[in-house]
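A.B. asks: A single structure is presented below for examination.
The values are calculated or read from the model by the stated rules, or taken from the named source; none is laboratory data. Keep in mind that this is a model prediction, so the values were computed, not measured. Cβ: placed from backbone, ideal geometry, glycine included. Neighbour counts: every protein chain shown. Just the protein is used for accessible areas: all its heavy atoms, side chains included, with ligands, DNA and RNA removed. Shrake-Rupley method; radii C 1.70, N 1.55, O 1.52, S 1.80 Å.
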Amino acid sequence: MKFSVTLEAIALQTRHILDEMKLHGHDIRSIYISGGQAKNIHLIQLLADVCQIPVILPNNYEASVVLGAAMLGRFGHEVSQEKASDNWEGFASQEEVDLESGKLGGKLWDIMVEMTQAGKIVPPAASPGDLKLLDAKYKIFRETIETQKRWRAIMEDAAR
(Lines give C-alpha, C1' and ligand atoms only; values in the text may rest on other atoms or scores of the structure.)
Protein backbone atom coordinates (compact mmCIF):
# COMPACT_ATOMS: atom_id res chain seq x y z
CA MET A 1 0.00 0.00 0.00
CA LYS A 2 2.70 2.53 0.97
CA PHE A 3 4.61 1.62 -2.19
CA SER A 4 1.61 2.41 -4.41
CA VAL A 5 0.96 5.68 -2.60
CA THR A 6 4.60 6.66 -3.07
CA LEU A 7 4.40 5.96 -6.80
CA GLU A 8 1.20 7.99 -7.05
CA ALA A 9 2.87 10.88 -5.22
CA ILE A 10 5.77 10.83 -7.69
CA ALA A 11 3.36 10.79 -10.64
CA LEU A 12 1.20 13.60 -9.22
CA GLN A 13 4.27 15.74 -8.50
CA THR A 14 5.53 15.11 -12.02
CA ARG A 15 2.19 16.21 -13.47
CA HIS A 16 2.35 19.36 -11.34
CA ILE A 17 5.81 20.16 -12.71
CA LEU A 18 4.66 19.55 -16.29
CA ASP A 19 1.56 21.70 -15.80
CA GLU A 20 3.67 24.56 -14.46
CA MET A 21 6.12 24.24 -17.36
CA LYS A 22 3.25 24.26 -19.87
CA LEU A 23 1.78 27.31 -18.12
CA HIS A 24 5.09 29.07 -18.81
CA GLY A 25 5.16 28.22 -22.53
CA HIS A 26 6.93 24.87 -22.70
CA ASP A 27 5.57 22.31 -25.16
CA ILE A 28 6.01 18.93 -23.47
CA ARG A 29 4.95 15.92 -25.49
CA SER A 30 6.67 13.08 -23.67
CA ILE A 31 8.69 12.16 -20.59
CA TYR A 32 12.06 10.43 -20.95
CA ILE A 33 12.98 8.17 -18.03
CA SER A 34 16.52 6.91 -17.47
CA GLY A 35 18.42 5.07 -14.78
CA GLY A 36 17.05 2.53 -12.33
CA GLN A 37 13.54 3.95 -12.20
CA ALA A 38 13.06 2.85 -15.82
CA LYS A 39 12.85 -0.74 -14.49
CA ASN A 40 9.69 0.04 -12.53
CA ILE A 41 6.95 -0.52 -15.12
CA HIS A 42 4.25 0.32 -12.56
CA LEU A 43 5.75 3.79 -12.08
CA ILE A 44 6.24 4.24 -15.81
CA GLN A 45 2.62 3.37 -16.63
CA LEU A 46 1.35 5.53 -13.76
CA LEU A 47 3.37 8.50 -15.04
CA ALA A 48 1.95 8.04 -18.54
CA ASP A 49 -1.59 7.76 -17.18
CA VAL A 50 -1.44 10.63 -14.67
CA CYS A 51 0.38 13.01 -17.03
CA GLN A 52 -1.51 11.80 -20.13
CA ILE A 53 1.61 11.75 -22.28
CA PRO A 54 3.86 8.92 -23.44
CA VAL A 55 6.85 7.90 -21.35
CA ILE A 56 9.94 6.96 -23.33
CA LEU A 57 12.29 4.36 -21.92
CA PRO A 58 15.90 4.11 -23.07
CA ASN A 59 17.14 1.16 -25.06
CA ASN A 60 19.47 0.27 -22.18
CA TYR A 61 18.35 1.90 -18.94
CA GLU A 62 21.40 0.64 -17.05
CA ALA A 63 23.77 2.50 -19.35
CA SER A 64 21.66 5.61 -19.97
CA VAL A 65 23.33 7.77 -17.31
CA VAL A 66 26.80 6.80 -18.52
CA LEU A 67 25.71 7.46 -22.10
CA GLY A 68 24.54 10.93 -21.07
CA ALA A 69 27.96 11.60 -19.56
CA ALA A 70 29.59 10.40 -22.78
CA MET A 71 27.38 12.75 -24.81
CA LEU A 72 28.37 15.70 -22.64
CA GLY A 73 32.01 14.67 -22.89
CA ARG A 74 31.82 14.54 -26.69
CA PHE A 75 30.02 17.89 -26.74
CA GLY A 76 32.68 19.46 -24.52
CA HIS A 77 35.49 18.02 -26.64
CA GLU A 78 33.99 19.24 -29.92
CA VAL A 79 33.32 22.71 -28.56
CA SER A 80 36.80 23.00 -27.07
CA GLN A 81 38.33 21.90 -30.40
CA GLU A 82 36.37 24.59 -32.23
CA LYS A 83 37.31 27.23 -29.69
CA ALA A 84 40.98 26.22 -29.71
CA SER A 85 41.14 26.75 -33.47
CA ASP A 86 39.76 30.29 -32.93
CA ASN A 87 42.42 31.14 -30.29
CA TRP A 88 39.57 31.58 -27.83
CA GLU A 89 40.50 32.96 -24.39
CA GLY A 90 37.28 32.38 -22.45
CA PHE A 91 34.14 34.28 -21.62
CA ALA A 92 34.24 37.80 -20.29
CA SER A 93 30.67 37.89 -18.97
CA GLN A 94 27.59 35.80 -18.20
CA GLU A 95 25.92 37.40 -21.22
CA GLU A 96 28.61 35.87 -23.46
CA VAL A 97 28.03 32.49 -21.82
CA ASP A 98 24.28 32.76 -22.42
CA LEU A 99 24.73 33.83 -26.04
CA GLU A 100 27.14 30.98 -26.76
CA SER A 101 24.86 28.47 -25.00
CA GLY A 102 22.04 29.48 -27.32
CA LYS A 103 24.24 28.87 -30.35
CA LEU A 104 25.49 25.50 -29.11
CA GLY A 105 22.19 24.01 -27.90
CA GLY A 106 21.48 22.58 -31.33
CA LYS A 107 24.89 20.91 -31.43
CA LEU A 108 24.20 19.09 -28.13
CA TRP A 109 20.78 18.03 -29.38
CA ASP A 110 22.32 16.63 -32.59
CA ILE A 111 24.83 14.62 -30.54
CA MET A 112 22.04 13.27 -28.35
CA VAL A 113 19.99 12.19 -31.37
CA GLU A 114 22.99 10.57 -33.02
CA MET A 115 24.10 8.64 -29.92
CA THR A 116 20.66 7.54 -28.64
CA GLN A 117 19.13 4.29 -29.81
CA ALA A 118 15.37 3.91 -29.95
CA GLY A 119 13.79 2.61 -26.77
CA LYS A 120 10.27 1.64 -25.75
CA ILE A 121 7.32 4.04 -25.71
CA VAL A 122 4.74 3.54 -22.95
CA PRO A 123 1.53 5.36 -23.92
CA PRO A 124 -1.19 6.45 -21.50
CA ALA A 125 -3.60 3.53 -21.03
CA ALA A 126 -5.91 4.46 -18.15
CA SER A 127 -9.56 3.60 -18.60
CA PRO A 128 -12.03 6.51 -18.45
CA GLY A 129 -12.96 5.50 -14.89
CA ASP A 130 -9.33 5.28 -13.76
CA LEU A 131 -8.56 8.58 -15.46
CA LYS A 132 -11.44 10.22 -13.59
CA LEU A 133 -10.03 8.88 -10.30
CA LEU A 134 -6.49 10.06 -11.14
CA ASP A 135 -7.81 13.52 -12.04
CA ALA A 136 -9.67 13.68 -8.70
CA LYS A 137 -6.47 12.72 -6.86
CA TYR A 138 -4.59 15.42 -8.76
CA LYS A 139 -7.17 18.03 -7.82
CA ILE A 140 -6.79 17.06 -4.16
CA PHE A 141 -3.00 17.11 -4.53
CA ARG A 142 -3.13 20.68 -5.90
CA GLU A 143 -5.42 21.74 -3.06
CA THR A 144 -2.94 20.39 -0.50
CA ILE A 145 -0.25 22.58 -2.04
CA GLU A 146 -2.41 25.67 -1.55
CA THR A 147 -3.24 24.57 2.01
CA GLN A 148 0.47 24.14 2.75
CA LYS A 149 1.16 27.66 1.45
CA ARG A 150 -1.56 29.11 3.70
CA TRP A 151 -0.25 27.22 6.73
CA ARG A 152 3.30 28.36 6.02
CA ALA A 153 2.14 31.98 5.89
CA ILE A 154 0.29 31.56 9.20
CA MET A 155 3.40 30.14 10.85
CA GLU A 156 5.65 32.86 9.38
CA ASP A 157 3.27 35.53 10.72
CA ALA A 158 3.26 33.88 14.15
CA ALA A 159 7.07 33.76 14.21
CA ARG A 160 7.41 37.53 13.68
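A.B. asks: Given the options 150, 142, 29, which has the most mean-square fluctuation in a GNM of the chain, springs set between C-alpha atoms less than 10 angstrom apart?
C.D. replies: In the Gaussian network model the winner is 150.
A.B. asks: Name the residue, out of 22, 132, 149, whose mean-square fluctuation peaks in a Gaussian network model built on the chain with Cα pairs under 10 Å.
C.D. replies: Taking springs between Cα atoms under 10 Å, the residue moving most is 149.
A.B. asks: Further, regarding this structure: What is the ratio of the Cα radius of gyration of the chain to 2.2 N^0.38 Å, where N is its residue count, to two decimals?
C.D. replies: Taking N as the residue count of the chain, the ratio is 1.39.
A.B. asks: To continue, here is another question. Over the range 29-137, with every protein chain in place, what whole percent of the accessible area is carbon and sulfur at 1.4 Å, could you tell me?
C.D. replies: Result for the range 29-137: 58 percent of the exposed heavy-atom area is carbon or sulfur.
A.B. asks: Using the Cα gyration tensor of the range 120-160, with a ≥ b ≥ c the square roots of its eigenvalues, what is the shape: rounded (a/c below 1.5), prolate (a/b larger than b/c) or oblate (neither)?
C.D. replies: The shape class here is oblate.
A.B. asks: Skip the ligands, DNA and RNA, and give the accessible area per residue of the chain with a 1.4 Å probe, whole Å².
C.D. replies: 70
A.B. asks: At a 10 angstrom cut-off on C-beta neighbours, averaged per residue, how do the peptides 78-89, 47-58 rank from highest to lowest?
C.D. replies: Result, highest mean Cβ count within 10 Å first: 47-58, 78-89.
A.B. asks: Can I ask one more? At 222 nm, what helix-only mean residue ellipticity would the chain give, in deg cm²/dmol to the nearest 500, using -39500 (n - 2.57) for each DSSP H run of four or more?
C.D. replies: Calculated from helices alone, the mean residue ellipticity at 222 nm is -23500 deg cm²/dmol.
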